[in-house]
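> Quick one: the structure is below, questions incoming.
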Amino acid sequence: MRHTISALVQNKPGVLATLASSFQQHGINIRSISCAETEREDVSRMIICVEAQADDVRAITEEIKSREFVLRMEDLSKQDLMDRELVMIKVRITKDTVSQILQIFEVFRANVIDMGNETISAELSAPQGKVAGLIRTLAPHGIQSLSRTGLIALSRGDA
């Protein structure tokens, strides 16, 4: 089962590496990890997405919660959440395909951010399924390069 784990941690060197190492020691593969400062400069939010059994995730989160640099940790998979992923994608174009690719961007509400003679680049911020759909749709046209942020998430409402 996919789990989305949110951790508020002290913003200091080694925290990201230490947490990633903990997952490795438990044999849990991290599918994506995103980490950045919050509204407080000294606190970062990590969003860690893993595919693992609930018992394994419970064990690793209990272990991580005990670290002195972890301020708060929760498995958002059990909650109603808002999630997004940013993708930047560069696709090969020809005079015959540029119109079709622009239509694909429009359908997915992706924003064109650069255009050359042979490629066009766009960005999309959306739930992971929509990002995956854009990638699948553009693949036959020749994706030249792609960069994804990994999932970011917050719980909905006042929680």
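> Across the stretch 13-51, what is the total count of residues that are within 21 Å of residue 82 (Cα to Cα), without any contact (Cβ under 8 Å) to a residue 60 or more places away in the chain and of a type in the set (Gly, Ala, Ser)?
Within the stretch 13-51, residues that are within 21 Å of residue 82 (Cα to Cα), without any contact (Cβ under 8 Å) to a residue 60 or more places away in the chain and of a type in the set (Gly, Ala, Ser) number 2.
> Among the listed residues 21, 99, identify the single one that is within 28 Å of residue 132 (Cα to Cα), more than 21 Å from the chain's Cα centre (by Cα) and not aliphatic (A, V, I, L, M).
Step by step, each of 21, 99 is checked, and only 99 is within 28 Å of residue 132 (Cα to Cα), more than 21 Å from the chain's Cα centre (by Cα) and not aliphatic (A, V, I, L, M).
> So residue 84 ticks every box in (1) in contact with a strand residue (DSSP E or B) (Cβ under 7 Å, 6 or more places away or on another chain); (2) without any contact (Cβ under 8 Å) to a residue 24 or more places away in the chain; (3) not polar (S, T, N, Q) but one. Which box is left unticked?
The failed condition is (2).
> Only one of 63, 74 is in contact with a strand residue (DSSP E or B) (Cβ under 9 Å, 6 or more places away or on another chain) and either surrounded by 16 or more Cβ atoms within 10 Å (Cβ to Cβ) or over 26 Å from residue 146 (Cα atoms) (or both); which?
Just one listed residue meets the conditions, 74.
> Now for a separate question. Would you mind telling me which numbered condition in (1) under 19 Å from residue 128 (Cβ atoms); (2) touching a Cys at 6+ places or on another chain (Cβ under 9 Å) residue 15 fails?
(1)
> Scan the stretch 134-159 for residues that are small (Gly, Ala, Ser) and more than 12 Å from residue 89 (Cβ to Cβ) and jot them down.
Scanning the stretch 134-159 gives 150, 153, 155, 157, 159.
> Something else: Could you list, in sequence order, all residues of the stretch 1-47 that are modelled with pLDDT under 90 and assigned to a strand (DSSP E or B)?
Correct list: 2 only.
> Can you tell me which residues in the stretch 116-159 are among the hydrophobic types (A, V, I, L, M, F, W, C), exposed (fewer than 14 other Cβ atoms within 10 Å of the Cβ) and more than 26 Å from residue 46 (Cβ to Cβ)?
Within the stretch 116-159, just 139 meets the criteria.
> Using beta carbons and a limit of 9 Å, which pairs, at least six apart or on different chains, have the first residue in the stretch 137-159 and more than 15 Å from residue 85 (Cβ to Cβ) and the second one in a helix (DSSP H, G or I) and among the basic types (Lys, Arg)?
none
> Just for the stretch 118-136: of the residues that are of a type in the set (S, T, N, Q) and either without any contact (Cβ under 8 Å) to a residue 40 or more places away in the chain or part of a strand (DSSP E or B) (or both), which one is farthest from residue 103 (Cα to Cα)?
Applying the filter and picking the extreme gives 125.
> Out of 112, 98, which single residue is without any contact (Cβ under 8 Å) to a residue 12 or more places away in the chain and surrounded by 13 or more Cβ atoms within 10 Å (Cβ to Cβ)?
112
> Additional query: Here is a list of conditions, (1) modelled with pLDDT of 95 or more; (2) in contact with a strand residue (DSSP E or B) (Cβ under 8 Å, 6 or more places away or on another chain), and residue 79 meets all of them except one; can you say which number that is?
So residue 79 meets the others, but not (1).
The values are calculated or read from the model by the stated rules, or taken from the named source; none is laboratory data. Everything numeric here is computed off the predicted structure, so don't read it as measured data. Backbone-built Cβ (ideal geometry, glycine too); neighbour counts: all protein chains shown.
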